[in-house]
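The structure appears right after this line, and notes come after that.
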Amino acid sequence: MVTEYIGTRDRNKGLGYNTERSIDLHGMTREEALVIVRETLVAQTQQMRGTQWDAPLRFITGKGNHSAGKQSILLPAIAKMLRSEGWKIREIEAGVAVYGSV
């Protein structure tokens, strides 16, 4: 799965979404995206070791233009998971910004 994730990031590199603080989830299934988001946040939390985040971590989900009904599948699933796990989030255009845990 990590190989697929890296391939997706490389393929979408030209879109400008791939920065140190953003993860591009375009082209992933809901299940793949949820795993990547959770693993990324675990790694971020371990790296920060209880200190306050200096900037949000952004997960770019897309608007759903290529999904049935032109509705995002990833955004609601990721936002729901993050809220249920106690993360401070804000929905942004075509994604979610995570500001740390509650």
Within the range 27-58, tally of residues that are surrounded by 14 or more Cβ atoms within 10 Å (Cβ to Cβ) and at positive phi:
1
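Taking into account only those residues within the range 64-84 that are over 12 Å from Leu34 (Cα atoms) and either touching a helix residue (DSSP H, G or I) at 6+ places or on another chain (Cβ under 8 Å) or hydroxyl-bearing (Ser, Thr, Tyr) (or both), which is least open to solvent (accessible area, probe 1.4 Å)? Step through it out loud before you land on a result.
So in the range 64-84, the residues over 12 Å from Leu34 (Cα atoms) come out as 64-72, 83-84.
Retained after the next criterion (residues that are either touching a helix residue (DSSP H, G or I) at 6+ places or on another chain (Cβ under 8 Å) or hydroxyl-bearing (Ser, Thr, Tyr) (or both)): 64, 67, 72, 84.
On the way: Gly64: 11, Ser67: 35, Ser72: 27, Ser84: 97 Å².
The residue in question is Gly64.
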Given (1) touching a strand residue (DSSP E or B) at 6+ places or on another chain (Cβ under 8 Å); (2) modelled with pLDDT of 90 or more; (3) of a type outside the set (Phe, Trp, Tyr), identify the lone condition not met by Glu31.
(1)
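The values are calculated or read from the model by the stated rules, or taken from the named source; none is laboratory data. This one's a predicted model, so the numbers in the text were calculated from it and none came from an experiment. Don't worry about glycine lacking a Cβ; one is built from the backbone with ideal geometry, like all the others, and counts go over all protein chains shown. Only protein heavy atoms, including side chains, enter the accessible area calculation; ligands, DNA and RNA are left aside. Shrake-Rupley method; radii C 1.70, N 1.55, O 1.52, S 1.80 Å.
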